[in-house]
Structure formats: C-alpha cells, structure tokens
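Beneath this line is the structure, given in structure tokens, with notes to follow.
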Amino acid sequence: MIKMDSQTIVYEQRASYILFNIFKELGKGEVLMPANICPIVPATIIKAGATPEFIDIDLKHLTMEQDQLLETLQKDPQKYTGVIWVRTYGNNQENIVPLIEKVKSINKNLFFVDDQCLSVPSFEKPTTKADLTLYSTGYSKIAELDWGGYGILNGKVDYNRVLIDFDETKHDELQNIFREAINHSTKINVPKTDWLNGQKPAVSFEEYREMLMLKTEAALSHKKIINEIYDELLPNEIKLADSFQNWRFNIKVQQPARILAALFEQDLFASNHYAPVANLFSDTEAPNASKFHSQVVNLFNDFRYSPDMAEKTAKIILKNL
Ligand SMILES: Cc1ncc(COP(=O)(O)O)c(C=O)c1O
C-alpha cells in the first residue's frame, strides 16, 4: 500500500487483481454489478470465492438501474458483500454520492467499488465515499500501458495480497472462453486455472504514475483530434453525450452489424463492446443492456486510429445509416 497526499493507494499488475484481493478478504456472498460489465470482473469475483449477481442498466445513464439495485439489496441485505458500480464508457460525470449513502443505509458493511477503469485516470481525492475507486491502464484503456491498475482505498478492509501463480496461456484460454460464450450465448464456466496476473509490477509506483500521466496526456490530445472529426462529420442524433466519448466515440444506430461489416471491408475497424454478460454467468435477463448493445458501435479514437482513418470511417457510417 502506498500513501500519497493522504490517500491510500494500492497498485498492481492489473485492476482485477485488486478486486480479487478485496473480495477474497470479504469472503463468500453475492456481489452486485451491471449486466454489461467486462467479463473479467465476474470471473474475478468467482475466483475470489464470491458470486456475481447482475442488475440491468437504465437506458439514460447506461449504468445499473438504481431502483432495481436498491430493491435487490433491501430484499436481503445480508446476502451481499459488495457492489461494483461501473462508469459505463468511462462517464464519471454522474453524481453517485446519494446512491452510496442509500446503499450504506441498507447495509453499512457493503463494500462499494466505484469502477472507473474506462475513465480518465486520476489521483485526485475521490469525491465520493466509495470504499475503492478503481482505475486500469491495461489493454484498450484510456492510458493504455497494456498492464497495470490502481485503486484508492477508503480504509474499509485490510488489503492483503493473495499470492497466486500466473500462466499467460491460461489467460488467453479464458479470453477464448469469453469470446465463444458471447458469440454463441452459452454459459461461462470459469476455469480454476492460473489466469489472473497477480505478479508484482516490475516498476515502482512513482515510475508507473509518471508513465501513466504522460500516456494520459498524449491519449487525450489524440482522442480530441479524432473525436472532432467524428463530431463534425456524424449527425448529432446518433452520438452519445460528450461525457461518454473519452474511452471511445460511441454512436447509437439502427444497423450496427451493417456498419461494422462495411468498415471491416475497407480494412477499418470499430467494435460493439460491452455485450451483456449477465445471461452467460447466471440466468438473469437484462433486456435494457441487450437492447442498448444491439444499437451501439464504439468508434476508435486511440493510437490505432489516425485522423485519415476516422474521416473514412465517418463517411462509411454516413452511407450505411
Ligand atoms: C469496467 C472494468 N473494470 C475492471 C476491469 C479490469 O481491469 P484490468 O484489465 O486492469 O484487470 C475492466 C477490464 O477491461 C473493465 O472494463
């Protein structure tokens, strides 16, 4: 653990390993999270010995539907050990202070994670009383170092690093399991293999912080250039609000498959993350997450994408709306 400006920071090879250590300490119980979360998170919760439970998203904020979350907790407060609140597409504009207060009034021992893994990394004191504010600098994140994650802790649980082995090929196998399950809507059985990288990072926290701050600055300037192209060329009706546009530039369209196919045909690319995974890990249905996922396309604005590619992409989209 690192003390910085009166904050307690944990820093690891990846953000999921921080979640693993915390939920291992909290023990058995259910952990609430959004239906459209990255599958590595529920897999990590299962590896830690707890059970993921999913809440559908609301179509305005694209985050967990708050009433459903609170009703679920109220029904059986002791069943749950934590809530993982995800800032969808990195939108950290939503004020979740009142929500955290309501959650804590139902069960003050619930561990509340403010998952900002897709947001712009920050070392500022969190404005919420979340027990953990979590950031990632892994693959395809805003400050993409391809590894690394850190969390700002609010002093609720002891943070103990659980020593685990890691085998890169097992991580690749897990990613294949996710891909197959998402493509074929089949259930995910998380293997009991060494897929989670809990090795100590090779560089000091100070070096890491320096690297990620430089990377963030460069990534944000690049994103600004690319986003301006999308913003200028694409119609407003299909754009998500600005606060959703840092991680990627997201549009909502009637025919995402047609757009993706047309882009791939021209050696361009885009994606449609994040598919609902609730039905892959449980029997929970998430109609809103499914509906939203069937309409969204994430346009790239990172270093894989040049202004020229962005312009071609926007023109292809316009032809395929
Ligand atoms: C919302 C969210 N939380 C947590 C994680 C895990 O981050 P890491 O890859 O650093 O383990 C991810 C990974 O994609 C994510 O999207």
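Just so you know, all these numbers are worked out from the coordinates, no wet-lab data involved. Only a predicted model underlies this, so the values are computations on that prediction, with no experimental measurement involved. Positions of Cβ are backbone-derived with ideal geometry, glycine not excepted, and every protein chain shown enters the neighbour counts.
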>> What is the angle, in °, between the Cα long axis of helix 97-106 and the longest principal axis of the Cα atoms in the chain? Nearest 10 is fine, range 0 to 90.
In response: 40 degrees
>> Kirkwood Rh over alpha-carbon pairs of the chain, then Stokes-Einstein at 10 °C and 1.306 mPa s: what D in µm² s⁻¹, rounded to an integer?
In response: 78 µm²/s
>> Quick check: pseudo-label points 7 Å beyond the Cα along Cα→Cβ at Lys3 and Ser221, how many nm apart are they?
In response: 3.6 nm
>> Sort 33-43, 296-306, 209-219 by packing, meaning the average of other beta carbons within 10 Å per residue, with the highest value first.
In response: 33-43, 296-306, 209-219
>> Based only on Cα atoms, what mean projected area does the convex hull of the stretch 208-319 have, in nm²?
In response: 8.6 nm²
> If each residue's Cβ is checked for other Cβ atoms within 10 Å, how do Trp195, Trp85 rank with the fewest at the top?
Replying inline: Trp195, Trp85
> In this model, which of Lys3/Lys252; Lys141/Lys192; Lys24/Lys104; Lys28/Lys129; Lys141/Lys312 are farther than 32 Å apart at the alpha-carbon?
Replying inline: Lys3/Lys252
> Order of 146-152, 313-319 by packing, highest average Cβ count within 10 Å first?
Replying inline: 146-152, 313-319
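If each DSSP helix of 4+ residues adds -39,500 (n - 2.57) and the sum is divided by the residues in the chain, what number results at 222 nm, nearest 500 deg cm²/dmol?
Rounded to the nearest 500, it is -11500 deg cm²/dmol.
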> In which sequence would Lys239, Lys252, Lys224 go, from the one with the fewest C-beta neighbours within 10 Å to the one with the most?
Replying inline: Lys224, Lys252, Lys239
> Tell me, what is the percent relative contact order of the chain, built from C-alpha pairs under 8 Å that lie six or more residues apart?
Replying inline: 20 percent
> Using Cα atoms only, what is the angle between the long axis of helix 256-265 and the major principal axis of the chain, expressed in degrees (0 to 90) to the nearest 10?
Replying inline: 70 degrees
>> Along its three principal axes, how long is the stretch 4-143 when you only count alpha carbons? Whole Å, largest extent first please.
In response: 39, 33, 30
